[in-house]
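I have placed the structure first, in the form of structure tokens, so that the comments after it can refer back to it.
Bear in mind that the values in this text are calculations on the coordinates, not laboratory data. Here the structure is a predicted model, which is why all the values come from computation and not from measurement. So basically every Cβ, Gly included, is an ideal-geometry build from the backbone, and we count neighbours across all protein chains shown.
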Amino acid sequence: MREALDQMSFVYAAYAVGVLGTLAMVAWSWIAMRAAERRRDKSRGK
Amino acid sequence: MHGFANPARFLRLARWLTPLLLVSGLVVAGAALAWGFLVVPPDRLMGDTVRILYIHVPSAWLGMGGWTAIAVASLMELVWRHPLSGIAARAAAVPGAVFTAICLVTGSLWGRPTWGTWWVWDGRLTSMLVLLFLYFGYIALADATQRDGNGSRVAAIFGLVGAINIPIINRSVVWWNSLHQPPSITMGQSSIDGTFLWPLLVGTVGFSLIFGGVVLARMRAILADVQAEARLRRKAAV
């Protein structure tokens, strides 16, 4: 028996995983960088 | 190359290069994804699932590229004691792991409608899963050795040894029978029609820019933490 799969739902899921994963990684890295640089500046007494 | 061994010189460059790479990468990758999603026609055999190509393939290349970068930086650290190479290797690990995970998940989502299964234990899929575990191991080892103050030589050796998996992933579809298709793009040649190929190449450039921006951001974060810790230690010693 052949399953009737909606191809576009797999495409939507793949794009969601790719886009959200990439955006989350960019946001996390940017926020971590800013926080670390703030900590360094604070330790310098800036 | 050795000119950038100086952290101050590196930071001067990275300060403007990081946002430039991230913003241009997001714009270029976004445009390529929209191109692949909205403009590219369905493939004769794979139908609409061919659109997954524009996420899956750049992620696979960057997953392997990330470990190649770790291996090169590790070699530079072990041979030349380049001060920033260990930091560069550590910074490449998380984006490499994220793209490898995206490649595995999107591959699974592509496999279900085209192969009829989410997963098979064949050479390509298994070696890619091994790469993800190698990333997890490297991240844990690099964090642990940094916390213990043992330097990152152990992590560098692990980074070099783990590179053996990269040619295995690359040749897996040639060496073993696999549901995964053989390589469509080799050095200077492609069996993919231009209609499908161009958005893939543009997307790869976009995702590579994002990868570069993330590596720079993470290098800046590690460097700032090292500098803050060194300053606090000096203050405590006085």
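Numerical summary
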| read-out | value |
| --- | --- |
| Computed E for B:Ala230/B:Asp122 - FRET, C-beta separation, R0 51 angstrom, nearest 0.05 | 0.60 |
| Distance in nm between pseudo-label sites at B:Ile168 and B:Leu20 (7 Å out along the Cβ direction from Cα) | 4.0 |
| Degrees between helix A:7-43 axis and first principal axis of chain A (Cα, 0 to 90, nearest 10) | 10 |
| Length-normalised contact order of chain B in % [C-alpha pairs under 8 Å, at least 6 apart] | 34 |
| The stretch B:158-238: C-alpha gyration tensor shape, a/c 1.5 cut-off, then a/b vs b/c | oblate |
| For chain B, diffusion coefficient by Stokes-Einstein and Kirkwood Rh (Cα), 4 °C, 1.567 mPa s, µm²/s | 67 |
| Kirkwood Rh (inverse of mean 1/r, distinct Cα pairs), the protein assembly as shown, angstrom | 20.2 |
| Cα→Cβ-extended label distance, 7 Å offset, between A:Tyr12 and A:Ala24, nm | 1.9 |
| Helix-derived mean residue ellipticity, 222 nm - over chain A, DSSP H n ≥ 4, -39500 (n - 2.57), to 500 | -29500 deg cm²/dmol |
| Under 20 Å from the B:Arg9 label point (7 Å along Cα→beta-carbon), backbone N, the stretch B:83-98 | B:83-89 |
| Extension gain from B:Ile185 to B:Val130, taking 0.36 nm per residue of separation minus the Cα-Cα distance | 17.5 nm |
| Leading residue at positive end of dipole, the protein assembly as shown (Cβ point charges), from B:Gly212, B:Pro58, B:Trp119 | B:Gly212 |
